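Asker: Below is a structure I'd like to ask you about.
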Amino acid sequence: MSKLVTALILMLCPLLALGAGGGVPLEKAKVDLRDKEAMRRGAQYFVDHCMGCHSLQFQRYNRMGQDLGIPEPELRERFIYDGGRPGDLMENSMRAEDAEKWFGTAIPDLTLVTRWRSPDWVYTYLKSYYLDPSRPWGVNNAVFADVGMPHVLAPQQGLQKAVYEEAKHGEEGHGPLEGLELVEEGSMSPEAYDQMVYDLTAFLTYVGEPIAEKRRELGVYVLLFLGVLFVFAYALKKEYWKDIH
């Protein structure tokens, strides 16, 4: 039994490391899947800023429209820029070989990113870019070290620099990362950018499991049904066993 427990712990360790964000404390996204307005804004941000590179290969436009209350004319006008149809999957036209050439790696599909990483990871990641001249795009990320993705939301957030703890006596360089400091303002205030990142995270959380909110609602009814069934089952048991001593 002890060997089985040890094996399970070892299997879980890589998953825990992914969720922890490389040792950087993750901020709580506190996504509310009932907030359809936030998810609609997030969908617009995704199409405008992310979909040039990233796709949602398991999500259809019309399913998104149905779930988030976006009429078909609005879908066609504000979300479908390539002349596609509402029934199409939310894919882009970037070829894998072009992605390898430009970014040095394949561009990941983001349909399941919040289920793989967690909403907190995505939320913190989008807020954690900082200037790093040693990197090809001039930026790095406190959550995803040596990230290959440029900071596409820099015009909105602005630019941040890394703030490190002082090195201990006798050590060279600097200590661990202490935080990030805004050195060049973007078009949004920090509060507005945080809301933008929340909206994007909420949308991607919805995309990862579109049925999640309905599943939770159904779960409540199932538990209520089981509770009522238990009362009748217990009463039936008492009736069957009343004459048995």
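The values are calculated or read from the model by the stated rules, or taken from the named source; none is laboratory data. Only a predicted model underlies this, so the values are computations on that prediction, with no experimental measurement involved. With ideal geometry, Cβ positions are generated from the backbone for all residues, glycine too; neighbour counts draw on all protein chains shown. Each accessible area value is taken on the protein alone, full model and side chains, heavy atoms only, with ligands, DNA and RNA left out. Shrake-Rupley method; radii C 1.70, N 1.55, O 1.52, S 1.80 Å.
Asker: Going through segment 34-44 one residue at a time, which ones are surrounded by fewer than 18 Cβ atoms within 10 Å (Cβ to Cβ) and either touching a helix residue (DSSP H, G or I) at 6+ places or on another chain (Cβ under 8 Å) or hydroxyl-bearing (S, T, Y) (or both)?
Answerer: Listed by number, the residues that qualify are R34, D35, K36, Q44.
Asker: Return yes or no: is A145 open to solvent by 30 Å² or more (accessible area, probe 1.4 Å) and either within 27 Å of F103 (Cα to Cα) or basic (K, R) (or both)?
Answerer: Against the criterion (open to solvent by 30 Å² or more (accessible area, probe 1.4 Å) and either within 27 Å of F103 (Cα to Cα) or basic (K, R) (or both)), A145 qualifies.
For (1) over 16 Å from D146 (Cα atoms); (2) surrounded by 14 or more Cβ atoms within 10 Å (Cβ to Cβ); (3) in contact (Cβ under 8 Å) with a residue 40 or more places away in the chain, each residue gets a yes or a no:
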| site | (1), (2), (3) |
| --- | --- |
| D98 | yes, no, no |
| F103 | no, yes, yes |
| A106 | no, no, no |
| D109 | yes, yes, yes |
| L112 | yes, yes, yes |
| R115 | yes, yes, yes |
| S118 | yes, yes, yes |
| Y125 | no, yes, yes |
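Asker: Among all residue pairs at least 6 apart or on different chains, which show Cβ distances below 7 Å where the first residue, located in segment 53-66, is in contact (Cβ under 8 Å) with a residue 60 or more places away in the chain and the second is in a strand (DSSP E or B)?
Answerer: L56/M90; Q59/L89; Q59/M90
Asker: Follow-up question, since we're still on this one. When segment 174-211 is examined, which residues are found to be of a type in the set (G, A, S), surrounded by fewer than 14 Cβ atoms within 10 Å (Cβ to Cβ) and assigned to a helix (DSSP H, G or I)?
Answerer: A192
Asker: Right, here's the next one. Take the residues of segment 212-234 that are surrounded by 10 or more Cβ atoms within 10 Å (Cβ to Cβ) and small (G, A, S): which is farthest from M39 (Cα to Cα)?
Answerer: The qualifying residue farthest from M39 (Cα to Cα) is A233.
Asker: Okay, next question. Just the residues that are within 24 Å of P155 (Cβ to Cβ), touching a helix residue (DSSP H, G or I) at 6+ places or on another chain (Cβ under 8 Å) and open to solvent by 40 Å² or more (accessible area, probe 1.4 Å), please, taken from segment 50-79.
Answerer: C53, R78
Asker: Quick check on segment 129-140. Is at least one of its residues aliphatic (A, V, I, L, M), farther than 15 Å from L204 by Cβ, in contact with a His (Cβ under 8 Å, 6 or more places away or on another chain) and open to solvent by less than 30 Å² (accessible area, probe 1.4 Å)?
Answerer: Yes, segment 129-140 contains a residue that is aliphatic (A, V, I, L, M), farther than 15 Å from L204 by Cβ, in contact with a His (Cβ under 8 Å, 6 or more places away or on another chain) and open to solvent by less than 30 Å² (accessible area, probe 1.4 Å).
Asker: Based on what the data block shows, is M39 touching a residue at least 60 places away in the same chain (Cβ under 8 Å) and either assigned to a loop (DSSP other than H, G, I, E, B) or within 13 Å of Y206 (Cα to Cα) (or both)?
Answerer: Yes; evaluated as a whole, the condition is true for this residue.
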